[in-house]
Ligand SMILES: NC(=O)c1ccc[n+]([C@@H]2O[C@H](COP(=O)([O-])OP(=O)(O)OC[C@H]3O[C@@H](n4cnc5c(N)ncnc54)[C@H](OP(=O)(O)O)[C@@H]3O)[C@@H](O)[C@H]2O)c1
C-alpha cells in the first residue's frame with residue numbers, strides 16, 4: 001500500500017508529488033503510457049515512490065489524477081468499481097480550450113459534480129486554484145499556499161486536509177461539491193492564488 005496515487009507526469013503531477021514527498025507520504029506514480037516518464041520523475045523526487053502506468057492496480061486510498069478533465073473521465077471509466085470508497089481528488093479546470101472563455105461542463109454543474117456522477121469514489125475538489133510552479137515551490141510571495149477544498153463527504157475532506165497540512169500548505173474548506181462551480185470559473189485560479197487568500201485577509205486587502 002501507498003499513501004497517495006498520482007496519475008500523470010506533467011506539471012501538476014510534479015507539483016503535487018513534490019509536496020507529497022516533502023510531507024513524507026509514500027507515492028504511487030502512474031504515467032499515461034510510458035512507465036519511463038514516471039521512473040524519471042520518481043528519480044527526480046527521491047522519497048518513497050513506486051511507478052507504473054494507467055491501468056495498474058491502485059495502491060492508495062487517495063487518488064489524484066493530475067490530468068485534464070477529458071482524461072479524468074477516461075480514468076474514472078477505466079477504473080470503475082475499483083475506485084469505490086477511495087478519495088478521488090479532482091484538480092481539473094474544465095476550460096473550453098477552443099475559446100478560453102467558458103467551460104466544457106453543463107451550466108449549473110462542474111467537473112467535480114460530473115465526475116461524481118460517474119464514480120463511486122468520494123470526489124473532492126482541491127488544488128485547481130494553485131499553480132503548478134508555486135505548488136512545487138510550496139510558497140508564494142513567502143507565504144504558504146492556500147488550497148481551496150470542496151466536497152460532500154466529511155471523511156474524504158479530512159483526508160485531503162491532512163495531506164494539505166502535512167505538505168505545509170493552508171487548507172480552506174469552502175463548502176460542498178457544488179462550490180466547485182465557483183472554484184472552476186475562469187479567473188478563479190489567478191484571483192485566488194496571488195497573493196494567497198489568508199495573507200490577503202490578514203492584510204485587509206480581501207473583502
Ligand atoms: N498547470 C497548472 O498550473 C494547473 C493549475 C491548476 C489546475 N491544473 C489542472 O491540472 C490538470 C493537469 O494540468 P497540467 O498542467 O499538469 O497538464 P500537463 O502538464 O499537460 O500534464 C497532463 C498529464 O496528463 C497525462 N494524460 C493525458 N491523457 C491521459 C489519460 N487519458 N490518462 C492518463 N494520463 C493522461 C499526460 O501524459 P502524456 O503527456 O504522457 O500523454 C500528462 O502527464 C488539468 O486538469 C489542469 O486544468 C493545472
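Numerical summary
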read-out: Candidates 139, 112 - the one that is under 22 Å from residue 11 (Cα atoms) and at pLDDT below 95; value: 139
read-out: Any chance residue 58 is under 20 Å from residue 123 (Cβ atoms), within 14 Å of the ligand (Cβ to nearest atom) and without any contact (Cβ under 8 Å) to a residue 40 or more places away in the chain; value: no
read-out: Number of the condition not met by residue 175 [criteria: (1) modelled with pLDDT of 95 or more; (2) at negative phi]; value: (2)
read-out: Those helices (runs of 4 or more DSSP H) lying entirely in region 1-106 with at least 1 residues in contact with a helix residue (DSSP H, G or I) (Cβ under 6 Å, 6 or more places away or on another chain) and within 25 Å of residue 184 (Cα to Cα); value: 11-22, 69-79
read-out: In region 122-146, residue surrounded by the fewest Cβ atoms within 10 Å (Cβ to Cβ) [restricted to those that are more than 11 Å from the ligand (Cβ to nearest atom) and closer than 22 Å to residue 87 by Cα]; value: 146
read-out: Residues being near the ligand (Cβ under 10 Å from one of its atoms) and over 22 Å from residue 152 (Cα atoms) - total across region 70-96; value: 5
read-out: Complete set of residues in region 122-152 that are within 16 Å of residue 163 (Cβ to Cβ) and in a strand (DSSP E or B); value: 122, 123, 124, 125, 144, 146, 147, 148, 149, 150, 151
read-out: Residue among 41, 78 that is at pLDDT 95 or above, on the phi < 0 side of the Ramachandran plot and in contact with a strand residue (DSSP E or B) (Cβ under 8 Å, 6 or more places away or on another chain); value: 41
read-out: Long-range neighbours under 6 Å by Cβ, at least six apart or interchain, first residue closer than 21 Å to residue 20 by Cα within region 80-94, second part of a strand (DSSP E or B) and more than 15 Å from the ligand (Cβ to nearest atom); value: 87/62; 87/122
read-out: Check on residue 42, surrounded by fewer than 23 Cβ atoms within 10 Å (Cβ to Cβ) and either more than 8 Å from the ligand (Cβ to nearest atom) or closer than 26 Å to residue 113 by Cβ (or both); value: yes
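A quick yes/no check of all residues on (1) touching a helix residue (DSSP H, G or I) at 6+ places or on another chain (Cβ under 9 Å); (2) touching a residue at least 24 places away in the same chain (Cβ under 8 Å); (3) within 15 Å of the ligand (Cβ to nearest atom); (4) in a helix (DSSP H, G or I):
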| position | (1), (2), (3), (4) |
| --- | --- |
| 114 | yes, yes, yes, yes |
| 117 | no, no, no, yes |
| 120 | yes, yes, no, no |
| 156 | no, yes, no, yes |
| 163 | yes, yes, no, yes |
| 172 | yes, yes, no, no |
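The values are calculated or read from the model by the stated rules, or taken from the named source; none is laboratory data. Since we're looking at a predicted model, the values are computed, not measured. So basically every Cβ, Gly included, is an ideal-geometry build from the backbone, and we count neighbours across all protein chains shown.
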